[in-house]
Every structure is written in structure tokens, then in C-alpha cells.
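**Q** My structure is below; once you've seen it, I'll send some questions.
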Protein chains: 2
Amino acid sequence: MKNNKTFDKITVIGLGLIGSSICRALRKYEITKKVVGYDKDLDILRKVKDLNIVDLISQNLNESVIDSDIIFICTPVGSIPSVAKEIQSSVKWGAILTDTGSVKGSVCDFFKSNNFDGINVIPSHPVAGTEKSGPIFGFHELFIDRWCIFTPMKNASEQSINDLEKIWTVFGSKVEIMDSAHHDLVLAVTSHLPHLISYNIVGLANDIEKIKESDVIKYSAGGFRDFTRIASSNPIMWRDVFLNNKDAVIEILGRFIEDLSALQKAIRWEDGDFLEKKFKNTREIRNKIFSAGQGEFGEEKLNKIKEN
Amino acid sequence: MKNNKTFDKITVIGLGLIGSSICRALRKYEITKKVVGYDKDLDILRKVKDLNIVDLISQNLNESVIDSDIIFICTPVGSIPSVAKEIQSSVKWGAILTDTGSVKGSVCDFFKSNNFDGINVIPSHPVAGTEKSGPIFGFHELFIDRWCIFTPMKNASEQSINDLEKIWTVFGSKVEIMDSAHHDLVLAVTSHLPHLISYNIVGLANDIEKIKESDVIKYSAGGFRDFTRIASSNPIMWRDVFLNNKDAVIEILGRFIEDLSALQKAIRWEDGDFLEKKFKNTREIRNKIFSAGQGEFGEEKLNKIKEN
């Protein structure tokens, strides 16, 4: 694939931050002759039209996928099965059907227990994003230096997996194929728990009656501010993540609370050695994250890319 | 005070990130004729000498404060009382004695129960910092647009409070006078709990036997990365914070765990409405933090300042 409009038609369903960024990247890198965008929200469709990031806007889900070579479902993870079921009969034989949901077990279970014969189903998860929601915040550079995890169904052909991998590679991502259960456990630690904790601490600060909001804002540079970024992420998307990755999140959350109780006990009993030892262990990983090119936030990264 | 070297001598004890930034700002804004720096760690003293950010380096704590108009104690909060006690007899009549500890109750209790007559004791806390430690990472702009909280002792003269406030104002900070118990509660929420949570989640990721460190690093862009910044803060400083703000931290931690248990229960029982409602409530505060000029991290802020 030489970015020479290899494909005739690609459909993107759900035009939020991720879906709209995929539309932009598909056009930027000339992956296909036609990008069709569908969203059930008319307001979003209007914005996408104004932004001019697709070739055709569709208000009809089934029509939007007819003759498409590839269909990206970029809706909140809870609605992926119902969207897939609805479009199934309109998807052409041999097409690639993929998604971008942050949970893969529930999506794969759905595809396993439903017959999608003749369609190359490749559930996937680009580990990228910002705290912003909606099509106006998307940008084609969002996936650069990020990982995209594939959890392909057995029936997906090697050729189809290679084709999809090439697209993500052109977008700037690295692709890894993984078992969906392992994906969900790893992401529970690296993404889902961090979001839950952030929502919780920001919510707590709102609730404490002895502290004014203005105090929280003024002194947020002490650490609190770091949590507000991910606590301003899309509520619907994250509701769906927790409902669909329930088992792994509850397992990891249990361990988190256990460990937190040990820290609480050390504070109560003034065990400085225990605290110091725990705090020393956590310094190194940040350097490793930066060395691995995973250090910058979306907009910082974008600015850096634009500077070069 | 017109930045015209109003003072003859100012001593800074403890030359880490905060102490060394104070030294730089004192010189940059020409607050005093002479800045004297003391640290018990010879390696740090050597670095400070190389950096040329003080006029005189002292290896003798008591000597360093003789004839000083102002003494800043910038050591970890647990050692502030012992440092204050040791220098007490060498501090000149009428001098200002201040500190930069992140906990104020324990420091104020010490000063209340010890006789510092004739010295203007003004415990303080500049709510500023980065995750880096040591004198090479300090910079004079660190305090710009940040808040510095004073919890002055009764005996401190109005003049001395005004003088210290003017210095922090020249550094770019805004000053607020506060009761030490309220300070410790507000900071428990906005700073101490966020740090504890970050240390805990980063430690947890290290410990899970089914997940490789390389997985955590690769997929850290999903949210985890945000926590590694504050989890790489100075372990000794933070050990001391938790030991010295034990009561407020345990109170806030108790509420945090309660709220987290409610979220856990909602996930277990698949109560999507509850989750969505909670997640929606937390979006707005981030915008307010940015509007209040508290949005940028240390280095981002520095870059922005340098650009202008």
C-alpha cells in the first residue's frame, strides 16, 4: 500500500475525537478514494460537514457501509455490538470490520457468538486520545507514536490484518496483536483505573463541605490539577468502559484499595521507612515512559510535531 | 521595597528544588546584598557552587544565619523544627524566620510551644514545584502565578509580614494568610492525597505479576502516564508530608475510599446512570483551573514565559 488511494470507500461510524481523527488521517494520507462519515447525532454531522473532513456524510447507517472496503466503528464501546448487528447485512463480502473501543473482551465475545462469516472482523484499540470530546478536537496526528492493539477474530484473513496494520502504520502507530483478556487487564491498569481514580478525586474535592471550590482551584498546582485532565474525559465513553470491563476493573480496583490501605496504615503508625521505600520505587518508570516516546500529552505532542 | 537590595543578608537552608529556586529569584530580583546557602549535603553544596546561584556557601548551619535579615528553611518538613531549634540562638533580634514546608500545622505547633521571642516567625508554603529534585532543576520563574500561603505566628510584626509578602510578590506569587489547620486540610485534598494515589497506582502497576513493565510503558498514553509525574517527586519530602499531616490525610483518604467503594459498587451492579452522573460532574473544574492561570505544569509554564 503506497498511500495511493488503494481503497475505494471507507466508512467511519461515530465521529467524535477518535472517529474524526481517523477521517482526517485517511484523507491526509490518501488511503482511499472516498471517506464516508456517519453519526446518529445530526449536530455532529453538521460540524463534520463544516470541518470538511469526509467526502460524504450519511444519515443512514446501513447505506453508509454499502460497498465499503473498511468500516471503522468509533462509538462508545457499549454500542459497538448493536451497530455491528445493524450493519451486518449491508457489509460487503470480504470487507474489513474494525472498531476503536477501549475494551476488547466484550466486543470479541459478541463477534464470537454471532455469525459474521465472510467479513474480516478485526477488533482494535488505538491507545491514543485527549481529554477533549467531539469532532472539532480531532487531528490527524493523534496516532503518531502510539500503539494500536488488534484482537482479530479467527476468521479474519492474514491479508486483511496486514491491510489494516498498514493503515495504522501510515497513521504513525505501531501495531500489536494481543489476546483480548490480556488487553483488558493491561488497560485496566494503564487506563481504566487511572480514569476511575481521577473522576473520584475530582468528585471528592467538589463534595468536601469545609473546602471552597476557589481553594481547590487556587492550590491545584500542588498536584490536583494533574487529575483534572483525565477527569474531564467523555462521560458516556467512560461509563461504557467500566460497564464492559467490569471484571478486570474490579480485580485491579481491589488490589489498589488493598495497597492504599497499607499506605494508610503506615501513615497512621508513622512508619516512615515503609513510605520512603514505596515512594522510591516509583520514580524510575517515568523516565522509561519518556524514553519510549510515550511522554507527551496530545496537544504538547501536536505542538512539537507542528514545530518540526 | 524596590528590588534595590533592601536587605543585607538572606540565608537559605536546604538547597533542593525550592531552596535553589529561591536563591535564584533573590539574586535575579536583587532583593539582598548577599545570599548565603547552607545544605548538610556536601554534594549539593558543590553543585550550588558550580551553578553560581549564591554569594556564599556555608558548611556551618549556625554561622550561615548570623546577621541574616531573613532565613528561609527549605528542608523536608519533618526536619524544620530541629533546624529551627539549632539556629535559634544565632538568629539576630528582629530577623524573619520562614520556611517552605508543605505542612503547616506541625510547624506552627512547634513554634507555639517553643520560645522564639524577638524573631518574626512566619511559616509559609509556596504552592509550586515540579517532580524534579535537587538544585540543578530549580529556576527563578518557579513561583510566577503561584500562591504562597502564610501562617504567621502571633508575635510576627505587621512590618515583617509585609516585607516577606513583598518578596514573594516580586517573585511573581500571590500571598494568602490562612489558619494552619485549614491549610493542611485544603492541601490534603489538592496535593497530599493526589500524591499518595499516584504513588499507589504506579507502585501497583509494578507489582502485578501478570503484566510486564513493557506493557505498562507502551500503553501509558491511556492515562497512566499522568500519574507518573507526581509519583516521581522527592520520596523524603513526601514521606515527611504524610507523617506530619497524618490526621487530615487519613480523614480525606477515608472519604476517598468511601467514594471509590460507591463507584466500585456501581460497576459491579452495572449502574450506568450513577457512573455517568458522577463523571459529568467533574468536567467543569478543569476549565476553571485554566481560567485561574493554574493550568500549566512547571516546565510548560517556563517555556511559555521564556517565549514571551
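The values are calculated or read from the model by the stated rules, or taken from the named source; none is laboratory data. Please read all numbers here as calculations on a predicted model, not as lab measurements. Counting neighbours? That spans all protein chains shown, and the Cβs are built from the backbone with ideal geometry, glycine included.
**Q** Just to verify a result, which residue in the range A:204-234, among those that are in contact (Cβ under 8 Å) with a residue 12 or more places away in the chain and more than 7 Å from chain B (Cβ to nearest Cβ), is nearest to B:F143 (Cα to Cα)?
**A** Here the answer is A:S233.
**Q** Answer yes if at least one residue in the range A:237-246 is acidic (D, E), over 30 Å from A:S173 (Cα atoms) and either out of contact with any strand residue (DSSP E or B) (no Cβ under 7 Å at 6 or more places or on another chain) or assigned by TED's automatic domain parsing to the domain that holds A:Y199 (or both), and no otherwise.
**A** The answer is no; no qualifying residue exists.
**Q** State all residues of the range A:174-217 that are of a type outside the set (D, E, K, R), in contact with a strand residue (DSSP E or B) (Cβ under 9 Å, 6 or more places away or on another chain) and surrounded by fewer than 17 Cβ atoms within 10 Å (Cβ to Cβ); if no residue qualifies, say none.
**A** Correct list: A:I177 only.
**Q** Could you please let me know if A:L263 is part of a helix (DSSP H, G or I), farther than 30 Å from B:V127 by Cα and facing another protein chain (nearest Cβ under 7 Å)?
**A** Considered against the rule, which asks whether it is part of a helix (DSSP H, G or I), farther than 30 Å from B:V127 by Cα and facing another protein chain (nearest Cβ under 7 Å), A:L263 comes out as no.
**Q** For A:K280, are the conditions met, namely being within 9 Å of chain B (Cβ to nearest Cβ), out of contact with any Pro (no Cβ under 7 Å at 6 or more places or on another chain), basic (K, R) and over 30 Å from A:E30 (Cβ atoms)?
**A** When the stated conditions are applied, A:K280 does not pass them.
**Q** Right, another one. Among (1) touching a Gly at 6+ places or on another chain (Cβ under 8 Å); (2) farther than 19 Å from A:I257 by Cα, where does B:S232 come up short?
**A** Result: B:S232 fails condition (1) only.
**Q** Name the residue, out of A:V249, A:V241, that is in contact (Cβ under 8 Å) with a residue 40 or more places away in the chain, crowded, with 22+ Cβ neighbours inside 10 Å and more than 8 Å from chain B (Cβ to nearest Cβ).
**A** Sole residue among the options that is in contact (Cβ under 8 Å) with a residue 40 or more places away in the chain, crowded, with 22+ Cβ neighbours inside 10 Å and more than 8 Å from chain B (Cβ to nearest Cβ): A:V241.
**Q** Let me ask something else about it. Tally time: how many residues in the range B:167-203 are under 13 Å from B:V103 (Cβ atoms) and in contact with a Cys (Cβ under 6 Å, 6 or more places away or on another chain)?
**A** 1
**Q** If A:K166 meets every condition in (1) surrounded by fewer than 20 Cβ atoms within 10 Å (Cβ to Cβ); (2) within 14 Å of another protein chain (Cβ to nearest Cβ); (3) within 21 Å of the chain's Cα centre (by Cα) apart from one, which number is that one?
**A** (2)
**Q** Please list, ordered by first then second residue, the pairs with beta carbon atoms under 7 Å, 6 or more apart or interchain, first in the range B:158-171 and within 11 Å of B:I70 (Cβ to Cβ), second of a type in the set (S, T, Y).
**A** B:L164/B:T98
**Q** Restricting attention to the range A:34-55, and to residues there that are of a type in the set (D, E) and in contact with a strand residue (DSSP E or B) (Cβ under 8 Å, 6 or more places away or on another chain), which single residue is farthest from A:I87 (Cα to Cα)?
**A** By that ranking, first place goes to A:D55.
**Q** Sticking with this one: Can we say A:K210 is modelled with pLDDT of 95 or more and either of a type in the set (K, R) or at positive phi (or both)?
**A** Here the answer is no, as A:K210 does not meet what is asked.
**Q** Looking at A:S113, A:S133, can you tell me which residue is out of contact with any Lys or Arg (no Cβ under 7 Å at 6 or more places or on another chain) and within 12 Å of another protein chain (Cβ to nearest Cβ)?
**A** After ruling out the rest, the residue left standing is A:S133.
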